[in-house]
Each structure stands twice: as structure tokens, then as C-alpha cells.
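Trainee: One structure coming up, written as C-alpha cells, with questions to follow.
What follows is calculated from the coordinates using simple rules that are stated; it is not laboratory data. Nothing here was measured: the structure is a model prediction, and the numbers come from that model. Neighbour counts run over all protein chains shown; Cβ positions are idealised from the backbone, glycine included.
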Amino acid sequence: MDAPGRAAQQRDFSRDAGELNAGGRPVYATHPVDTVDTIVRDWSRERPDLDVDPLRIFSRVKRIAKQLDALRKAAFAETGLELWEFDVLSALRRAGSPHRLSPKHLLASNLVSSGTMTNRIDRLVGRGLVTREVDPNDGRGILVTMTVDGRDLVDEALTRLVAAERELLAELDLETRDDLATALRALSLRMDDPAH
């Protein structure tokens, strides 16, 4: 079907359809319509020459990421932790006793520049949540160790976060959660691949 014909078809059905599939045909909504449905419908109408199907996924991922940031800020606010503080402390906590890592390992798990990580470590030292010491096996290196206060704070923050996130997932059955996790893992691995 040519672009004008497809556009006409989309206009005919857009009032009833939540989304349009990759072929430009309407997918009739058997579920509530969200903002992304509207965005995809509108772009399909305005740019019938483009396959805007990827927006159904990536626009939702972007929106969920923003919503998750807000949820995490709210969960952490009661503990007094910032998002970045939680990220650094959680990397140390997951490392297991004695909850100690080099800045290089912290960089790998936090995906920030070395200058940013140095600043973050300085601020956490100032708050008494980590200590910095010379690596006994490498006099030029340092190690960052979580304090008891840091461990208590990150544990409380994680408990609040998991409770809030569990509530969001409450209406999804286990199979749906597994399918969602599997699909997101595959997408994440593809995006991590330097070939893409």
C-alpha cells in the first residue's frame, strides 16, 4: 500500500486503535491506552513513510526510567540518601564483607567519569559513609571501604526501594515478570554490544 493509502487507513482506524503495528495496521486496544500509544498513533499519521514501531518500546523505557528515578528519590528521601550515593554504597554493599572496592571497580559499576567518582567518594567520606585508605598491595592505589553507618543507610534504602517496586509489579503475574525481565535483558545486552 502506498503512503497516502496507508495514512488514510490509519486515520480511519486511529480513533479505535491504541497502536499501529510495523505494517501500519491498527492494533485494536484490549488494554488501557497510554501516552506512548498516542505518540505512536500521531507520528504514524504525520509520517506514514516511517516505521515508527520502535517508539512503542523505547519511548516507554524512557518514560519508565524517569518515573523510576522519581520513585527512587522518594524511597531514598526518608533515609537522606541521594540517588548517586545509593549507587556507590550499593556497589560496596554487594561486594560483601569487608565492603571494600577500588575506585576502578566503583567506576565500572556506576558508569561515570573518574573525576566524578573522585568527587563522590570525597563527599561520602565527608558524610562518614565510607573511608579511603591506601591499598596495602599497591602503594599507588586506594581502597574505598563502607562504614557501619553507610551499610545501615544503604540497607534501609534498599528495603524501602524493593517494597515500592514490588508494589508497582503487584498486578503482574510471575510469568509476565519473567518475560519482561528476559526481553529487557536481551535489549540491554544488545545495547551494550559495541557493534551497535
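Trainee: Identify all aspartates and glutamates with a Cα-Cα distance to LYS73 below 15 Å; exclude those on the same chain that are fewer than 8 residues away in sequence.
Mentor: Partners within reach: GLU82, GLU85, ASP87, GLU156, GLU165.
Trainee: Quote the Stokes-Einstein diffusion coefficient, in whole µm² s⁻¹, for the stretch 101-154, based on the Kirkwood radius over alpha carbon pairs, a temperature of 37 °C and a viscosity of 0.692 mPa s.
Mentor: 286
Trainee: What does the charge count near LEU184 come to, summing +1 for each Lys or Arg and -1 for each Asp or Glu among other residues with Cβ under 13 Å from its Cβ?
Mentor: Taking every Cβ under 13 Å from that of LEU184, the sum is +1.
Trainee: Starting from the 7 Å offset along Cα-to-Cβ, what nm value, one decimal, do you get for the label separation of ILE142 and ALA164?
Mentor: Placing both labels 7 Å along Cα→Cβ, they lie 3.0 nm apart.
Trainee: Which loop GluC sites (Glu not before Pro) in the stretch 160-196, with loop taken from DSSP, have no more than 11 other Cβ atoms within 10 angstrom of their Cβ?
Mentor: Of the GluC sites (Glu not before Pro), the ones in loops of the stretch 160-196 whose Cβ has at most 11 other Cβ atoms within 10 Å are GLU171.
Trainee: With r as the distance between the Cβ atoms of ALA70 and ARG190 and R0 = 22 Å, compute the FRET efficiency 1/(1 + (r/R0)^6) and round to 0.05.
Mentor: That pair, ARG190 with ALA70, gives E of 0.25.
Trainee: Now, a different point. Where does the charge balance sit around ILE142 when Lys and Arg score +1, Asp and Glu -1, over other residues with C-beta under 12 Å from its C-beta?
Mentor: Net of charged neighbours comes to 0.
Trainee: Would you kindly derive the ³J(HN,Hα) couplings of the stretch 144-156 from the backbone phi angles with the Karplus curve 6.51 cos²θ - 1.76 cosθ + 1.60 (θ = phi - 60°), listing them in order in whole Hz, with x for Gly and Pro?
Mentor: Whole-Hz 3J(HN,Hα) from phi for the stretch 144-156: 10, 10, 6, 8, 4, 4, x, 5, 4, 5, 5, 5, 5.
Trainee: Further question: For GLU171 and ASN119, compute 0.36 nm times the residue count separating them, minus their Cα-Cα distance, and round to one decimal in nm.
Mentor: 14.7 nm
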